[in-house]
Structures are given as structure tokens and as C-alpha cells.
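The values are calculated or read from the model by the stated rules, or taken from the named source; none is laboratory data. In this text, all values refer to a predicted model and were calculated from it rather than measured experimentally. Methodologically, a virtual Cβ is constructed for each residue, glycine included, from the backbone with ideal geometry; neighbour enumeration extends over all protein chains shown. Just the protein is used for accessible areas: all its heavy atoms, side chains included, with ligands, DNA and RNA removed. Shrake-Rupley method; radii C 1.70, N 1.55, O 1.52, S 1.80 Å.
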Amino acid sequence: MTATGAETVVRPVRATIAADGATVRRKQGLQHGGWFVAPFLALFALFVVWPLLRGLYLSFTDANISGDGAHFIGLGNYREALKDQLMWDSLGHSAYFTLLVVPCITVLAFLLAMLAHHIEHGTWLWRLCFFMPFLLPSTVAANLWQWLFNPGTGMVNHVFGLETPWLTDKSYAMLAIVITTLWWTAGFSFLLYLAALQGIPAHLYEAARLDGANAWHRMLHITLPMLRNITGLVLALQILASLQVFDQAVVIQDFGPGPEESTRTFVQYTLEQGFTSYRVGYASAISAISIIFFVLIAAVALARMWLLRNREEGGR
């Protein structure tokens, strides 16, 4: 047999051996990797999966906070929840808050990231200042802005020469929570945008500059398209976080529903039913409804990401 013929026979054998070895190593990696993820899966099942299943069961009962005397009542809690005007009002407040916060925080984070990315002196200081509020606990941020919005001692009215009753008028109460949230949470989205901006190849801007493109054209045709995926991520995360608004809305209003109940959020109403009215079964039904909304929103976000990915692959 010639050398060429021998190589023709040996190469497929070597490829088969290599493939079998890779398969064995992959199986061994999966077996060993399972032990590493087992603690997380156990905690996830204990603190996430089990409470969800337990809450789903309680939503079909008339259980109270003591856990005694729970009776199965079927869909009674769900029928009551769908007719509960206070529940729909609180859901509307959360949706209104989301509509205000999401676009504002996305634009603000992008502008801050652009500013920090192009500043030449004291870059670290600007980045720290933009991100630092996000490190504060929600209660600290809410108490700080509660003091700033105070009509008598707060700085907001004094600095801008206003007499706005931020926390006592339903026309401004939700706006005060929105401003607090923007200042407190914009740093997270700012960090995502900044990392994405640093990942854009510099030669794209250099080529566009040589072709005569000004700063506006470079941002419109290079920066924004390159940030499309990160913008989708920011929008999805902010929508999910805004619909679950609770901490700052409750603390800034001293744990109340706000003027004329204008700032009671969906999560707050759920907790009121469970821990104030002691109706755990009804609160669980409301939580189940919120989970349905969460699944729908997550499905829309995943569908959007899938469409963007297919569009990018089709354009290649």
C-alpha cells in the first residue's frame, strides 16, 4: 500500500477516535458539572419553584395568614380578582409608571454613556458619579428624595423656585416616584451602554470620518445600529423591573397608597391583601395573575430578540 493510500485509511480512523474522545470528555464534563450546579438547583427549587407551586395551590383556597382552616374554593379568588376595581387600578398605576420610566431611563442611560465615553479628563470620576446611586439601597434613595421633595424643607422647590406639592397631590405623586427611580436606577443601564460603546470597533468611525460623515451621521448610522441588541436588553430588563415597582413607591409615601391612592402599585396591593387583610388565598390569586402577565411580557421580549437575530442572520 502506498503512503498516500495509508494516509487515506488512517485519517478517517483518527477522526473517528478524536470524535469518540470528544464525546467521552463531553459526557464526563456533564457528569462532573452536574455536581457543581446541584447546590444552585436545590436552592432554586426550594426558594423559587416550591413557593410558586405553593402559591398556585393557595390561590384556589380561602387560606388566611395563619394557615388554618383553608378550604378549596376553585376559581372563586380569580373571579373576585377580575372584578376587583382596586386591583385594576393598582395594575394601571404600575403600567403608567412603566410607560414613564422605561423610555426616559433608556434615553438617559444612553446619553450618560455617550458623555462618559467621550470625556477625556476625569473619566473614572464621571463614571463613578453616574453609577454610584445604583449602589444605594432602595430605602436610602427613597428617603433622600422624600426629603428633597418636601415642600417645607426640600431643595427641589427651593432651587427651582417652585411650590409643587410633590408628595401630597395625585397629579405629581407618581412623577416624584419616577424622578426618584430615574436617579436611582439609571446607573445600571448606563453601565450596559458604556460597555457596548467600548466594544464598537474604532475603525468604523475612522472610515466614516474619512468619507465625510459628521458626528450626527456617525451616531445615526454606526452607534445606534451597533447598540440595537443592548437597547433591546435594556428595554426588556426595565419593563420587567418597572412592573414590579414597590420599594421606592412605598417608602417615599410612608408606606401608604399615596394621595387618593394614586401611587398604590400592583405588588403593594398584593401584599396588602396578604399581610394587612390576611387573605393569603386571594393574594396568591392576584400573584398568579401577575405571573401570567410576566409570562406574556417575557414571551414578547423573547419574540423580539428572536426576530432581531433572524433579521441580522438574514442580512449577512
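This model, with +1 at the C-beta of Lys and Arg and -1 at the C-beta of Asp and Glu, gives the stretch 71-172 a dipole about its Cα centre of some 160 debye. Along its three principal directions, the equivalent ellipsoid of the stretch 151-301 from the Cα gyration tensor extends over semi-axes of 40, 25, 10 Å, largest first.
Remark: the chain carries 62 Å² of accessible area per residue (probe radius 1.4 Å; ligands, DNA and RNA excluded). Here the accessible area is traced with a 1.4 Å probe on the protein chains. For the chain, carbon and sulfur cover 69 percent of it.
Multiplying the residue separation of His158 and Ala299 by 0.36 nm and removing their Cα-Cα distance gives an extension gain of 46.2 nm. Would you mind telling me which residue in Val251, Val159, Val101 has the biggest mean-square fluctuation in a Gaussian network model of the chain, where springs connect alpha carbons within a distance under 10 angstrom? Greatest mean-square fluctuation among the candidates belongs to Val159.
Is any helix in the chain, taking whole DSSP H runs, at least 18 angstrom long along its axis by alpha carbon and on average at least 0.5 on the Kyte-Doolittle scale, and which ones? Counting only whole DSSP H runs, the qualifying helices are 85-118, 170-198, 228-243, 280-315. Projecting the Cα atoms of Gly274, Val234, Ala288 onto the dipole axis of the chain, where Lys and Arg carry +1 and Asp and Glu carry -1 at the beta carbon, places Val234 farthest toward the positive end. Placing +1 on the Cβ of every Lys and Arg and -1 on the Cβ of every Asp and Glu, with nothing else charged, gives the chain a dipole about its Cα centre of roughly 1320 debye. Note on Phe72 and Trp306: the model spin-label points, each 7 Å out from Cα along the C-beta direction, lie 3.5 nm apart.
Please compute the Cα-Cα pair-distance distribution of the chain with 20 Å bins starting at 0, giving whole percents from short to long. Calculated over all Cα pairs of the chain, the distribution is 22, 44, 26, 7, 1 percent.
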